[in-house]
Amino acid sequence: MRIILLQNIEPTHEIGPAMTAPRRKTLFGNQNGQVMAGWVVGLFIIAAMLVYVTDTIRRSRNGSQSIIYRELALNVAKAGFEDGMSFFRTNTIGTCLTNYPQYAPTNQATIVTPWPQWPDAAFLPGPQYTDEYSAIAVSTPLTSNAGSNLCAGAIIRNIPMNEFQGGGLSPTSNQLPAATLWGRYVIRRQNTRNWSPGLDTAAAQTDPDACHDLSAIETQAALGGGTLWSIVSHGYLMALPQGVAVSGIAPGDVSDYAQAVLATPALYSGNCLLSPPLGYYNGQRVLLAQARVYGEISRINFNLASAAIETGSEGNVSINLNGIVQASGSLAYDLACTDTVGVASSAGSWNSTMTYTAGGITPSLVWCFPGQTPLNLQRIAQSLSGTGKVMGFVDPSTGSSTSLTLPVYSDSGAANQLYQERVAQPSFYYINHGLTLVAGTGQPVLSGLGMAVIQGGLVIQAGNTSSWAGILFVRDYVNIRGPASITGILICPGPISIGMSGDFNRATVSYSSSVISDVENLFQDFTVLNSSIIATQF
């Protein structure tokens, strides 16, 4: 009998069962490693997604906040534009260089070397118009600030933005507490000579962000006419930096302290109060957003004769039976024209002993309204709002004899009430064609108070009840039949016929200095040309 001790025998590769256990152990180890690796990769993916989502939320929040800041800056710039327009409306004399004849040229061809004043020099804001008075010396005493030769380099206002709340400004937050958020607008003045018709034009130093008198550019009229200005308002949204030392004011005095900090030149580019704020000051963010609003404002200047009718020649005027031309006041004339001798003869009536003045009369549109063109007058009419002192109406059609803009006459009911309300509103009619007005209820009439410019001829037939008070300019010819009446001044370079023998009522043209003065006061306010407005956000 043979006994074999198996424990002393070396295992060989041929013995399969001896390899089974190690293989199972290795397989379990591989599976566990794969599971662990999967968990690690999954955790990395989740972490990356969390980072991405968090960053997206943060960027979205910052983007939304940035949009809000830009909108606020734009609102500040708009407020500045309104303030600038208010300045021009309340300082109409001070914004027209021609009010200083010793400094203003007489025409576009005037050569002055060196140029003593530039067209923009008439813009002279004083210390009462700005929060921060950065005094600029002017070479001539155009300003009325107690005889001083100083004016402000810009109109600057600081606006607390207290309605906006949030956390403190930090690298991870763009929110600001109310006490540190401020708006600021700057309306710059051209403080150096910018251009002239003289030989020194090549040395021009134009400030593109300053207000400019564009009168001569628009019409080639005399420089500095003050009829068309551009206003540039820069609006800034600022974070008020903390810890800025201001002499004599404690940081706890919030309002005074803030205004003093905002008036610190070191906060602005080039240490200049007229320049944009710095992006950062002492490691603190200052400029959050900025915007710019550009716009043009225009007003109408007047150069009218003291006469009921202003025309090219006394021979143009025919006063027929039932026609009356009447002066009012001892210094008023019935007729003003370019003739040098003679008086108008007529079968009708000149109701004055002073019927004639002559010399220097050019009854053209550019003569009567210096610095204006037909297109610019139309733009002014389009820009006038019905909610303001003057309502503008424009009929741009050509070759038509039917007005689309005049009030319609009615003598009864609600239609009459609408008619009365319409004619009581001062108006500016710009009609780009000839106009024929016929008789009858429901027909257009030239009635009310204001100014009318008709780019063609005007015919008012017998029986039409037109009754106009103000300034009436007609480019080609005028034929007025009764009972129509014009009170103020009638201007037409061509033939004018007043009244007719077969009329049952008289046609009347009467001079009134008070009516003309009222109309001039209405139109010498500056009007914003809406088509010129350009708003830019930074």
Inset, instruction - Only residues that are buried (at least 23 other Cβ atoms within 10 Å of the Cβ) and of a type outside the set (Val, Ile, Thr): list them for the range 494-522, please. - result: Gly499, Ala507, Tyr511
Inset, instruction - Select from the range 150-179 the residues that are modelled with pLDDT of 80 or more and not hydrophobic (A, V, I, L, M, F, W, C) and list them in ascending order. - result: Gly153, Arg157, Asn158, Pro160
Inset, instruction - Quick one: Ser139 ticks every box in (1) at pLDDT below 80; (2) part of a loop (DSSP other than H, G, I, E, B); (3) within 30 Å of Leu287 (Cβ to Cβ) except a single one, so which number is it? - result: (3)
Inset, instruction - Kindly indicate whether Val246 is surrounded by fewer than 20 Cβ atoms within 10 Å (Cβ to Cβ), hydrophobic (A, V, I, L, M, F, W, C) and either at pLDDT below 60 or farther than 30 Å from Leu72 by Cβ (or both). - result: no
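Let's see how each residue does on (1) part of a loop (DSSP other than H, G, I, E, B); (2) among the small types (Gly, Ala, Ser); (3) more than 30 Å from Gly279 (Cα to Cα); (4) more than 27 Å from the chain's Cα centre (by Cα):
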site: His433; (1), (2), (3), (4): yes, no, yes, yes
site: Gly456; (1), (2), (3), (4): yes, yes, yes, yes
site: Gly463; (1), (2), (3), (4): yes, yes, yes, yes
site: Ile534; (1), (2), (3), (4): no, no, no, no
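Is it true that some residue in the range 413-424 is part of a loop (DSSP other than H, G, I, E, B), surrounded by fewer than 23 Cβ atoms within 10 Å (Cβ to Cβ) and at negative phi?
First pass over the range 413-424, keeping only residues part of a loop (DSSP other than H, G, I, E, B): none.
Among the residues of the range 413-424, not one is part of a loop (DSSP other than H, G, I, E, B), surrounded by fewer than 23 Cβ atoms within 10 Å (Cβ to Cβ) and at negative phi, which makes the answer no.
Can we say Leu237 is more than 22 Å from the chain's Cα centre (by Cα), in the same structural domain as Arg70 (by TED's automatic domain parsing) and not β-branched (Val, Ile, Thr)? Give the derivation first.
Numbers: more than 22 Å from the chain's Cα centre (by Cα): no; in the same structural domain as Arg70 (by TED's automatic domain parsing): yes; not β-branched (Val, Ile, Thr): yes.
Taking the combined requirement at face value, the residue does not satisfy it.
Residue-by-condition table, conditions (1) assigned by TED's automatic domain parsing to the domain that holds Tyr236; (2) in contact with a Phe, Trp or Tyr (Cβ under 8 Å, 6 or more places away or on another chain); (3) modelled with pLDDT of 70 or more; (4) over 30 Å from Gln378 (Cβ atoms):
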site: Asn271; (1), (2), (3), (4): yes, no, yes, yes
site: Leu287; (1), (2), (3), (4): yes, yes, yes, yes
site: Asn320; (1), (2), (3), (4): no, no, yes, yes
site: Ala332; (1), (2), (3), (4): no, yes, no, yes
Legend entry - Residues located in the range 455-473, provided they are at pLDDT 95 or above, buried (at least 23 other Cβ atoms within 10 Å of the Cβ) and either more than 22 Å from Ser328 (Cα to Cα) or among the charged types (D, E, K, R) (or both): Leu458, Ile460
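The values are calculated or read from the model by the stated rules, or taken from the named source; none is laboratory data. Predicted model, so just to flag it, every value in this text is computed and none were measured. Because the Cβ atoms are built from the backbone with ideal geometry, glycine has one as well, and the counts that use them run over all protein chains shown.
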